[in-house]
Amino acid sequence: MSMIARFVAITPDQLATIKDKPEMVGGVFALDAGLPFESPSDLGQRLRRQAPQLVADMLERLPPAVRGQLRQRLGLGDNGLSNPGADNVVLLQLAQREAARRRAPPAPGTPGHSVSLDKAWHGLHYLLCGKLEPAPGPLGQAVFGGSEIGEDRGYRPARYFAPSQVAEIAGALQSPGLERELHGRFDGEAMTELGIYPGVWETDDHDWLLEAFHTLRDFYAAASEAEQAVVTLIE
């Protein structure tokens, strides 16, 4: 199973909310999360209410023949509602994707703006600080640090950075000469031997890690300028 890293910018008030109610942190990472963020149970209830219409709208965009086949496969009646025995899990997944498709992604510097490092997170963390685990200092914390919040969500709990920490990390990521240091630290054979995820680095180049660095640097810069907090998750 792949592990990817996601980062979401939120307001200080939203950070205070999830610190007070850690069970709501899952709403930060939901594909159709609203602002302010909802608890997982509220998100689930809302999605179940909206699912018939969302799935019906998705089906309407398909050619008639494909639409009929998919409706039959999903166990939907002519009215768009589920027949007994329908795969409600798949229906909810389709509804969530349709809801996410409709939601315009927040612009950099606005609450809810998010980025993903995909599978580059561990390699980038190593290039930034030369360590396998979180390390002291802003470069050792940028990818793999922060304060844990909520329950384990796959690979440890979600983590958060207060606005002051976001500003410190943003400044460190823009340090002159840092990208040259990342180039110099890349050693595919050594990184494979160290077990840095996802492995097999000796047959890889590091261009995609540098692209991930640019993504993360720009994300923190926008969040810092807007005086936002950041919540991150490896899942």
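Summary table below
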item	result
3J(HN,Hα) from dihedral phi, region 165-170, Karplus parametrisation 6.51/-1.76/1.60, rounded to Hz, x for glycine, proline	5, 4, 5, 5, 5, 4
At 1.306 mPa s and 10 °C, Stokes D of region 105-235 from Kirkwood alpha-carbon radius, µm² per second	106 µm²/s
With DNA, RNA and ligands ignored, accessible area of SER175 (1.4 Å probe; Å², nearest 10)	50 Å²
Local electrostatic count, GLN174, Cβ distance below 15 Å [Lys/Arg +1, Asp/Glu -1]	-3
Region 127-175 - accessible surface per residue (Å², probe 1.4 Å)	45 Å²
Centroid-to-centroid separation of region 148-204 and region 14-30 [C-alpha atoms, Å]	24 Å
Set of lysines near LYS131 by C-alpha distance (under 22 Å), chain-local residues within fewer than 8 positions excluded	LYS119
Convex hull volume per residue for region 152-200, taking Cα atoms only, in Å³	96 Å³
Karplus-derived 3J(HN,Hα), 6.51/-1.76/1.60, for each residue of region 150-155, Hz, glycine and proline x	x, 7, 4, 10, x, 10
Region 157-234, Cα convex hull volume normalised per residue, Å³	98 Å³
Estimated distance in nm for a label pair at GLN174 and SER2, the labels positioned 7 Å out from Cα along Cα-to-Cβ	3.1 nm
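The values are calculated or read from the model by the stated rules, or taken from the named source; none is laboratory data. Quantities reported herein were computed from a predicted structural model and do not represent experimental measurements. With ideal geometry, Cβ positions are generated from the backbone for all residues, glycine too; neighbour counts draw on all protein chains shown. Just the protein is used for accessible areas: all its heavy atoms, side chains included, with ligands, DNA and RNA removed. Shrake-Rupley method; radii C 1.70, N 1.55, O 1.52, S 1.80 Å.
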